[in-house]
1. Taking THR20 as the residue in question, decide whether it is modelled with pLDDT of 95 or more, within 26 Å of ALA105 (Cα to Cα) and surrounded by 15 or more Cβ atoms within 10 Å (Cβ to Cβ).
2. Which of the residues spanning the range 40-85 are free of Cβ contacts under 8 Å to residues at least 40 places away in the same chain and in contact with a Leu (Cβ under 7 Å, 6 or more places away or on another chain)?
3. Please go through the range 110-125 and pick out each residue that is surrounded by fewer than 16 Cβ atoms within 10 Å (Cβ to Cβ) and either touching a Pro at 6+ places or on another chain (Cβ under 8 Å) or under 16 Å from LEU80 (Cβ atoms) (or both).
4. Consider GLY93 carefully, then state whether it is surrounded by fewer than 16 Cβ atoms within 10 Å (Cβ to Cβ) and assigned to a helix (DSSP H, G or I).
5. So if I check each of VAL32, VAL27, which one is of a type outside the set (Gly, Ala, Ser), closer than 19 Å to ILE87 by Cβ, in a helix (DSSP H, G or I) and without any contact (Cβ under 8 Å) to a residue 40 or more places away in the chain?
6. Which condition breaks for ALA98 when tested against (1) among the aliphatic types (A, V, I, L, M); (2) in a helix (DSSP H, G or I); (3) at pLDDT below 85?
7. Among the candidates ALA180, ALA99, ALA139, ALA133, which residue alone is touching a residue at least 12 places away in the same chain (Cβ under 8 Å), aliphatic (A, V, I, L, M) and farther than 22 Å from PHE46 by Cβ?
Amino acid sequence: MKERIRKLFSGIWTVPNALTMIRLVLVPVFAVLFANGHPRWALAVFCAASLTDALDGYLARKLNQISDFGKLFDPLADKLMVLTALICQGTAGVIPWAAVLIVLAKELYMMAGAVFMLNRNVVVYANYFGKTATVFFMAGLILSFFHGELAAWGVQLDVILIWISVGLALLAMGVYTVQAWKQIRKPEK
């Protein structure tokens, strides 16, 4: 286990990993701004975090700086930011609590699965549905800051996008579970 942790944190000082670390720091900044009645500043932080997400993945591939740290902490930073924003907007009465609770339960399941798989030295990579769900979540959450304006126009596009995101996230979870099961059942060579 020590060797795995040492390997995870070796060579982490790259631009993509620095962007991931910045995104992790932005999660509590977002929550504090939102909780203290500064939704537009919270939105700016959320947008900045979303941009670093796109940028760090691009740079990691372009600069050939894909690392174990990035593979683990990049999706963790995404999940933490999305969950924090969902909970904040759920508390504000913008996002339905059912959607928030489904996503929270899904993420708990995924974390337990990741620990289970890690203990078996099996890696199951993110899939297309999960990446697409993240994009939809970010779009829906950005629009959720304009929920009142959208509702005045008679369309709750933010809530629609969130529910599409929930569906995609559940589909991604199903694909992940099937892939993980196949990896576990694969005979060792």
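The values are calculated or read from the model by the stated rules, or taken from the named source; none is laboratory data. Since we're looking at a predicted model, the values are computed, not measured. All Cβ positions, even for glycine, are placed from backbone atoms using ideal geometry, and neighbour counts span all protein chains on display.
1. On the way: modelled with pLDDT of 95 or more: no; within 26 Å of ALA105 (Cα to Cα): yes; surrounded by 15 or more Cβ atoms within 10 Å (Cβ to Cβ): yes.
Considered against the rule, which asks whether it is modelled with pLDDT of 95 or more, within 26 Å of ALA105 (Cα to Cα) and surrounded by 15 or more Cβ atoms within 10 Å (Cβ to Cβ), THR20 comes out as no.
2. Answer for the range 40-85, where residues must be free of Cβ contacts under 8 Å to residues at least 40 places away in the same chain and in contact with a Leu (Cβ under 7 Å, 6 or more places away or on another chain): TRP41, VAL45, ALA48, ALA49, THR52, LEU55, LEU83.
3. Result: MET111, single match.
4. Numbers: surrounded by fewer than 16 Cβ atoms within 10 Å (Cβ to Cβ): yes; assigned to a helix (DSSP H, G or I): no.
No; evaluated as a whole, the condition is false for this residue.
5. Values: VAL27 fails: without any contact (Cβ under 8 Å) to a residue 40 or more places away in the chain.
Being of a type outside the set (Gly, Ala, Ser), closer than 19 Å to ILE87 by Cβ, in a helix (DSSP H, G or I) and without any contact (Cβ under 8 Å) to a residue 40 or more places away in the chain holds for just one of VAL32, VAL27, which is VAL32.
6. (3)
7. Numbers: ALA99 fails: farther than 22 Å from PHE46 by Cβ; ALA139 fails: farther than 22 Å from PHE46 by Cβ; ALA133 fails: farther than 22 Å from PHE46 by Cβ.
Answer to the check: ALA180.
The rows are residues; the columns are (1) part of a helix (DSSP H, G or I); (2) out of contact with any helix residue (DSSP H, G or I) (no Cβ under 6 Å at 6 or more places or on another chain); (3) modelled with pLDDT of 90 or more.
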{"position": "TYR109", "(1), (2), (3)": "yes, yes, yes"}
{"position": "VAL123", "(1), (2), (3)": "no, yes, no"}
{"position": "ALA133", "(1), (2), (3)": "yes, no, yes"}
{"position": "ALA151", "(1), (2), (3)": "yes, yes, no"}
